[in-house]
Amino acid sequence: MKGKIISSMKFWYCLMWLLPGVSFGQWSYVLNQQVPVTANGNVLDNPWNGGLNSVQVNKMDLNQDGKQDLVLFDRTANKVITYLSTAAGYQYAPAFEEQFPATINSWMLLRDFNCDGKKDLFTSDPFGIAVFVNTTAAGKSISWRPFNPGHPLLEEGLSGTVNLKINANDIPAIDDIDGDGDLDILGMRFVGIGTVEYYQNMSIERAGKCDSLQLKLITQNWGNFEECSCGQFAFGQTCASLIGGRTQHVGGKALLTIDLDGDGDRELLFSEESCTSVFLLVNNGSASNASFTSATPFPASFPATMQNFPAPFLEDLDGDLLNDLLVSPTMYNRLYFGNNLRQSLWLYKNTGSASQPAFTLQQKNFLQDQMIDAGDNSVPALADEDGDGDLDLFIGCNVNVDRSSRGTLFYYENTGTPTLPSYKLVTDDYLGFSTTTFFNLRPYFTDIDGNGTQDLLVTTTDFTDGKDKLYAVPNPSKTHLDFSNPTLVEINFSIIENDNLAFYDINADGKMDILRGSATGALEYWENTGSQDIPVYTRKSDSFLGIGSSTSRQNPTVALGDLNGDGKDDALVGDQIGTFSVYDDFKSDNPLAFGVQIYDSTASKYIQLNLGGRVFPVIGNIFRSSRPVIITGNSLGGLFLLKNVEDKPNQPLPSIALYPIPVAGSAGEVLNIQSDQPTEIRFFTLLGQPVGVKATLIANEAYQVDVSAWPKGMYLARFTQKSGETMTRRIIVN
């Protein structure tokens with residue numbers, strides 16, 4: 001028994017020696033914002049921030065420095081997004097995102113209802129409205145407690161105390177409607193008629209202070225109007241009384257109140273899900289008895305017109321003590337091809353005064369103009385386009401509104417070096433995909449035909465028939481991407497719209513196989529049982545890595561590569577809620593699964609982070625260092641760059657040539673090795689047993705290894721530099 005224990009210890013010692021730094025920390029990453037990106041001649045302030053689509057805008061002091069910071073909620077990814085207000089502008093600060101309640105859903109408004117100087121939180125609840133009281137202590141992280149634990153917000157209704165019901169797709173107005181100092185609520189009538197209900201907060205009336213929410217239903221027809229359909233309102237009457245009139249108000253509504261004329265009462269900004277405009281209803285009554293008689297698109301100078309459901313928000317964005325107007329579409333996902341999700345946060349600067357605001361359109365892409373944002377469903381890929389030795393960046397998108405509402409490929413050239421990357425937008429329509437009938441482009445680079453070149457593969461959906469297809473664009477060059485005469489070659493592989501693919505020779509037979517993340521939530525393995533020239537894909541597993549069908553997961557994404565530098569490829573699997581798992585050495589008999597941790601260096605702690613809803617990762621060594629990075633796209637159309645915390649930056653690894661692979665040792669072939677740097681080489685079996693002899697390679701001189709005595713199988717070649725850095729390559733002996 002003792003001898004067996006010693007043997008096992010030796011085995012594990014050898015294995016751990018081959019896998020330096022094995023620990024849970026090897027799956028820990030930091031969000032890297034230091035790689036510069038230039039677009040249209042401008043260096044982006046926050047390029048790797050993950051994108052924006054459907055934004056609700058709030059402000060509060062996140063770090064207790066006395067400045068009001070920016071807190072966004074993006075409905076598309078169900079994600080809180082936080083920015084600190086600095087002298088240089090708004091800077092992305094993800095460490096604060098996890099400090100908000102995990103149950104935020106559909107909408108979020110920050111309002112100080114108890115007058116303690118701290119913003120409280122209102123959000124949707126399955127039974128109405130959930131309220132969280134801001135309990136943050138001085139010098140501490142943001143904290144909350146439920147206002148009414150276990151229950152939604154209550155109101156004194158017409159038949160007793162009941163839930164204050166708000167449709168999940170509606171955004172209520174939470175404001176001091178009657179001007180008495182406490183916050184009241186306006187919401188659309190829950191069912192039936194399209195009128196606005198007014199819930200008066202009775203805290204001042206009953207207790208003389210604004211420290212609670214004692215809500216009482218005052219009227220079910222605040223302002224004496226009824227919304228009938230898009231842009232059609234019945235004032236002082238009902239929709240049924242209009243000619244051919246009837247209520248057609250299915251869908252969400254957004255309400256925002258504002259005093260535009262300084263008379264002490266509230267006007268109403270109104271929008272609905274099926275409409276393209278924000279409408280202004282001017283209050284001709286009073287604070288206690290509102291009355292509306294007309295509705296006009298707002299602002300009059302340049303109406304906020306979007307493809308659907310533009311929701312308005314008021315916040316002081318430039319610190320001049322005047323509330324500016326922001327408008328963004330309120331939707332779970334893209335509803336129309338015309339939704340321009342690269343310009344989905346409109347900023348109107350208040351050029352008037354506090355009592356009589358006037359709003360002037362300043363930009364349609366607030367914050368978005370300072371980040372990589374491809375619209376929605378950004379799918380990154382890496383390849384050396386120009387053959388200069390570094391990795392360039394490509395991004396596929398669902399729809400590029402600026403390019404005929406077709407799916408396109410964005411191309412960012414790496415204008416830096418192999419160790420210090422820097423990206424520049426060259427075109428948002430690489431290879432001219434906007435001239436096709438395709439949308440939903442998802443790119444991949446791999447050698448699909450086995451000729452030693454990086455080909456472009458892309459999945460698409462066709463506008464004309466709705467069919468989804470996989471195409472290859474063959475690349476004839478071994479030094480760069482030569483698509484001077486691009487040809488689309490359809491590959492016979494069945495996919496549906498949201499399938500995600502990965503290409504890898506799973507069974508090591510020299511032919512590229514496919515992993516498919518399907519709508520069932522399963523990761524399927526399809527083996528190429530044909531040839532390289534005429535592939536035939538046969539499903540070998542419907543639960544690869546044990547990832548089978550699941551009602552809580554759809555279309556998993558996967559990227560394959562050596563994430564921890566141990567010479568063995570890992571599988572990075574993403575989901576639709578913005579998180580990753582890593583399957584260590586995924587080709588082993590029992591690969592272990594680990595969660596990916598995000599470390600925030602500013603906050604000096606690990607944080608829980610939603611990376612933008614559905615994630616689309618690619619693995620690449622853009623720093624030419626000890627471990628590759630993860631670049632992930634997402635539902636929001638942006639990118640996050642994740643760098644391993646154990647990576648040693650700017651350590652150039654040797655460029656190693658090994659050929660032929662596989663090597664036919666039994667036929668007398670020898671393994672040829674050449675390195676561009678002096679390096680030591682040793683060989684091992686997969687169990688960590690040394691094979692052959694240790695040797696030192698001279699830079700740029702060929703070295704040959706006789707493998708004729710080696711048993712057939714797979715081996716590891718371990719290269720060690722003088723600095724101690726190591727890299728591992730696989731060898732197959734036939």
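The values are calculated or read from the model by the stated rules, or taken from the named source; none is laboratory data. Quick caveat: nothing in here was measured; it's all calculated off a predicted structure. With ideal geometry, Cβ positions are generated from the backbone for all residues, glycine too; neighbour counts draw on all protein chains shown. The protein model used for the area step is the full one, side chains on, heavy atoms only, and it has no ligands, DNA or RNA in it. Shrake-Rupley method; radii C 1.70, N 1.55, O 1.52, S 1.80 Å.
So here's what we get for this one:
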| read-out | value |
| --- | --- |
| The stretch 410-429: number of residues that are closer than 22 Å to residue 614 by Cβ and among the charged types (D, E, K, R) | 1 |
| Which numbered condition residue 308 misses (of (1) farther than 29 Å from residue 402 by Cα; (2) open to solvent by less than 10 Å² (accessible area, probe 1.4 Å)) | (1) |
| Which numbered condition residue 272 misses (of (1) acidic (Asp, Glu); (2) surrounded by 24 or more Cβ atoms within 10 Å (Cβ to Cβ); (3) at pLDDT 95 or above) | (3) |
| Residues located in the stretch 149-165, provided they are surrounded by 15 or more Cβ atoms within 10 Å (Cβ to Cβ) and in a loop (DSSP other than H, G, I, E, B) | 152, 153, 164, 165 |
| Residue satisfying all of: in the stretch 166-187; out of contact with any Gly (no Cβ under 7 Å at 6 or more places or on another chain) and more than 20 Å from residue 314 (Cα to Cα); surrounded by the most Cβ atoms within 10 Å (Cβ to Cβ) among these | 180 |
| Residue list for the stretch 48-74, filter: within 23 Å of residue 346 (Cα to Cα), assigned to a loop (DSSP other than H, G, I, E, B) and either modelled with pLDDT under 95 or open to solvent by less than 10 Å² (accessible area, probe 1.4 Å) (or both) | 48, 49, 50, 51, 52, 53, 54 |
| Residue that is farthest from residue 238 (Cα to Cα) [pool: residues in the stretch 194-211 that are buried (at least 16 other Cβ atoms within 10 Å of the Cβ) and in contact with a helix residue (DSSP H, G or I) (Cβ under 8 Å, 6 or more places away or on another chain)] | 210 |
| Selection within the stretch 597-613 - open to solvent by 30 Å² or more (accessible area, probe 1.4 Å) and at pLDDT 95 or above | 610 |
| Residue within the stretch 133-143 that is assigned to a strand (DSSP E or B) and closer than 30 Å to residue 375 by Cα present | no |
| Residue check, residue 680 open to solvent by 50 Å² or more (accessible area, probe 1.4 Å) and either assigned to a strand (DSSP E or B) or at pLDDT 90 or above (or both) | yes |
| Enumeration of residues in the stretch 178-191 that are assigned to a loop (DSSP other than H, G, I, E, B) and within 17 Å of residue 254 (Cα to Cα) | 189, 190, 191 |
| Hits in the stretch 426-453 - residues which are open to solvent by 10 Å² or more (accessible area, probe 1.4 Å), modelled with pLDDT of 95 or more and among the polar types (S, T, N, Q) | 427, 434, 435, 436, 437, 446 |
| Listing of strands (runs of 3 or more DSSP E) fully contained in the stretch 78-132 that carry 3 or more residues being without any contact (Cβ under 8 Å) to a residue 40 or more places away in the chain and farther than 30 Å from residue 202 by Cβ | 79-86 |
| Residue within the stretch 15-33 that is of a type in the set (A, V, I, L, M, F, W, C), open to solvent by 50 Å² or more (accessible area, probe 1.4 Å), touching a Leu at 6+ places or on another chain (Cβ under 9 Å) and modelled with pLDDT under 95 present | yes |
| Pairs, first over 18 Å from residue 271 (Cβ atoms) in the stretch 315-332, second aromatic (Phe, Trp, Tyr) and open to solvent by less than 30 Å² (accessible area, probe 1.4 Å), C-beta under 8 Å, six or more apart | 317/366 |
| Filter result for the condition that a residue is farther than 24 Å from residue 615 by Cβ and in contact (Cβ under 8 Å) with a residue 40 or more places away in the chain, over 387, 407 | 387 |
| Strands (runs of 3 or more DSSP E) wholly inside the stretch 500-586 containing at least 2 residues that are basic (Lys, Arg) | 537-541 |
| Residues of the stretch 463-497 that turn out to be among the aliphatic types (A, V, I, L, M) and open to solvent by 70 Å² or more (accessible area, probe 1.4 Å), as a count | 2 |
| Residue, modelled with the highest pLDDT, within the stretch 683-734, restricted to residues that are of a type in the set (Asp, Glu) and either more than 15 Å from residue 670 (Cα to Cα) or loosely packed, with under 12 Cβ neighbours inside 10 Å (or both) | 701 |
| Which numbered condition residue 280 fails, given (1) touching a residue at least 40 places away in the same chain (Cβ under 8 Å); (2) surrounded by 19 or more Cβ atoms within 10 Å (Cβ to Cβ); (3) among the hydrophobic types (A, V, I, L, M, F, W, C) | (1) |
| Selection count where residues are within 26 Å of the chain's Cα centre (by Cα), farther than 19 Å from residue 173 by Cα and among the polar types (S, T, N, Q), scope the stretch 280-332 | 3 |
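One line per residue, one yes/no per condition, for (1) modelled with pLDDT under 95; (2) buried (at least 17 other Cβ atoms within 10 Å of the Cβ); (3) more than 22 Å from the chain's Cα centre (by Cα); (4) more than 24 Å from residue 460 (Cα to Cα):
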| position | (1), (2), (3), (4) |
| --- | --- |
| 499 | no, yes, no, no |
| 513 | no, yes, yes, no |
| 527 | no, yes, yes, no |
| 534 | yes, no, yes, no |
| 550 | yes, no, no, yes |
| 556 | no, yes, no, no |
| 565 | yes, yes, yes, yes |
| 572 | no, yes, no, no |
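Residues are listed down the side, and each one gets a yes or a no for (1) open to solvent by less than 20 Å² (accessible area, probe 1.4 Å); (2) more than 16 Å from residue 641 (Cα to Cα); (3) assigned to a helix (DSSP H, G or I):
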| residue | (1), (2), (3) |
| --- | --- |
| 376 | yes, yes, no |
| 388 | no, yes, no |
| 394 | yes, no, no |
| 424 | no, no, no |
